[in-house]
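The next block holds one structure in the form of structure tokens; read it before the comments.
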Amino acid sequence: MGDPRIAAVRAVLDGVPDPEIPVVTVVDLGIVRDIRFDGDRLVVTITPTYTGCPATKVIEDAIRDALTDAGYTDFAVETTLSPPWTTDWLSERGREKLREFGIAPPVGSAATKRALFGDAPTVPCPRCRSEQTTCVSEFGSTPCKAHYRCDACGEPFDYFKCL
Amino acid sequence: MATPTSTDARIVALLRLADDALILGHRLSEWCGHGPILEQDIALTNHALDLIGRARALYTYAGELEGAGHDEDWFAYRRDAIHFHNALLVEQPNGDFAQTIARQFFYDRYAQLYYHALTESPDERLAAIAAKSLKEIDYHVRFSSEWVIRLGDGTDESKTRMQRGIDELWRYTGELFAMDELDRAAIERGFAVDAAPLHDAWNTAVDAVLAEATLTRPEDGWMADGGRAGRHTEHLGFILADLQFLQRAYPDATW
Ligand SMILES: [Zn+2]
């Protein structure tokens, strides 16, 4: 982990924004699963958030562009499905940035919270922090988000749902 | 063109799962811009994305195992209806919103049980696809089950429509749990699970939701089948005419 080459790559990737939520980077989202060197060849492993997420290909291309711009020539971007992506991998910094952007970050841990029938989490409003909020739809503007409404301040907002 | 029908049980098993996901995903995508309200329009197209994403992962794997140079697009766009392995349920028309919900409810409850069992597959890659899919399916199950209850235990109009959707599609649910020789061969190689024992759990879950929705469970009677073997209802051809038009008209088109 102390390899300065890997730290340098991580720094480059941490400059790659998510195409749909550009306030967070692909590192914040936990999409980057592994950075390693096979000899001189750099291998970056990423995982999709949702199987059908249309941003996955865009993210892969953006990572390639960023690495090329940073001077890397011998590299591969690989995709893995295992272990499956979870919102538990969202960084603390990422959660804070989401909140500032107006998207409520996931509540609790996905590992302990199965999507139980009829069980909806209490999601504080990212604008006024009220917990008087209503889930309008569990399927929002992108696969990773649900649609909520704040009953206190009236704000409609996205909730980055637990997965 | 290479033979479109594989005799490799592993590949057939992957295509059965993938074709279910692609065709149901396509059906749901037909709702885009036609949902009863904006939120549900978005919800149905979200489901479609998940399903098509799942199909892509499975087709890609099937193509790699087959080793004939077929990618996900080839499986989606270049096969005729007789070479599709999806269950008849998923190709049935959208009908009204209630019928779409009934179809989704029956499929989601089956998929949740099936993919859960598939996460135990000794094949790591398939187990990974199953684990990934299962997380999404859990959300789908909640959505379709809640709508069955809301419509069933709703107004006279919504109840009538929900009951009709359940009754219309019931005959297509048996096929989901029927097993044939290819399934059994696939099970031995870790590419399928025995669906027959899952039928009881499915019945229990479905009965509980129907009861809460104050709907009547249909009588178990004659069940349609044939989809797994490529014998489809007339609807699949129309789906493929739409889905495959561009690649049929301009083979290998890219942009
Ligand atoms: Zn508020």
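The values are calculated or read from the model by the stated rules, or taken from the named source; none is laboratory data. Every value quoted in this text rests on a predicted model; they were computed, and no experiment measured them. Counting neighbours? That spans all protein chains shown, and the Cβs are built from the backbone with ideal geometry, glycine included. Accessible surface is based on the protein model in full, side chains and every heavy atom, while ligands, DNA and RNA are left aside. Shrake-Rupley method; radii C 1.70, N 1.55, O 1.52, S 1.80 Å.
For the range B:49-122, the solvent-accessible area of protein heavy atoms averages 31 Å² per residue (probe radius 1.4 Å; ligands and nucleic acids excluded). For the protein assembly as shown, DSSP calls about 70 percent of its internal beta bridges antiparallel. Helical runs (DSSP H, four residues minimum) scored at -39500 (n - 2.57) apiece and divided by the length of chain A put the mean residue ellipticity at 222 nm at -6500 deg cm²/dmol.
A 1.4 Å probe, protein heavy atoms only, puts the accessible area of A:S130 near 20 Å².
Panel note: contact residues of the range A:28-73 (accessible area lowered by at least 20 Å² against the chain on its own; 1.4 Å probe) correspond to A:Y50, A:T51, A:G52.
Once the trypsin sites (Lys or Arg not before Pro) in DSSP loops with at most 16 neighbouring Cβ atoms within 10 Å are cut out of chain A, the longest remaining piece is A:1-112.
From its DSSP helices (H runs of at least four residues, each -39,500 (n - 2.57)), chain B gives a residue-normalised ellipticity at 222 nm of -20500 deg cm²/dmol. Solvent-accessible surface of protein heavy atoms, probed at 1.4 angstrom with all chains present, puts B:H232, B:H47 in the order B:H232, B:H47, largest first.
For the set B:W202, B:W222, the ranking by accessible area, highest first and with no ligand, DNA or RNA atoms included, is B:W222, B:W202 under a 1.4 Å probe. Full extension of the segment from B:E181 to B:E212, taken as 0.36 nm per residue of separation minus the current Cα-Cα distance, would add 7.4 nm.
Counting heavy atoms of the protein chains alone, A:V27 has an accessible area of about 30 Å² for a 1.4 Å probe. A:C150 contributes about 0 Å² of solvent-accessible surface, heavy atoms of the protein only, 1.4 Å probe. For helix A:92-101, report the angle its Cα long axis makes with the longest principal axis of the Cα atoms of chain A; keep it between 0 and 90° and round to the nearest 10°. So the helix axis and the longest Cα principal axis differ by about 60 degrees. Going by accessible surface with a 1.4 Å probe and the largest first, B:R79, B:R248 read B:R248, B:R79.
Quick one: net charge of B:Y172's neighbours, Cβ under 11 Å, K/R +1, D/E -1? Its environment carries a net charge of -2. Once the 1.4 Å probe is applied to the protein heavy atoms, chain A comes out at 46 Å² accessible per residue. Note on A:R10 and B:D194: with the Förster distance fixed at 35 Å, the Cβ-Cβ geometry gives a FRET efficiency of about 0.20. The B and A chains share an interface that buries close to 2400 Å² of accessible area, total over both sides, probe 1.4 Å.
Distant-in-sequence amide contacts of A:T79, defined by a placed amide H-H separation under 5 Å and a gap of 5 or more residues or a different chain, comprise A:I46.
Here the protein assembly as shown exposes an accessible surface that is 53 percent carbon and sulfur, computed with a 1.4 Å probe and the other protein chains kept in place. The label point for A:T80 and the one for A:V58, both projected 7 Å from the Cα toward the Cβ, are 2.6 nm apart.
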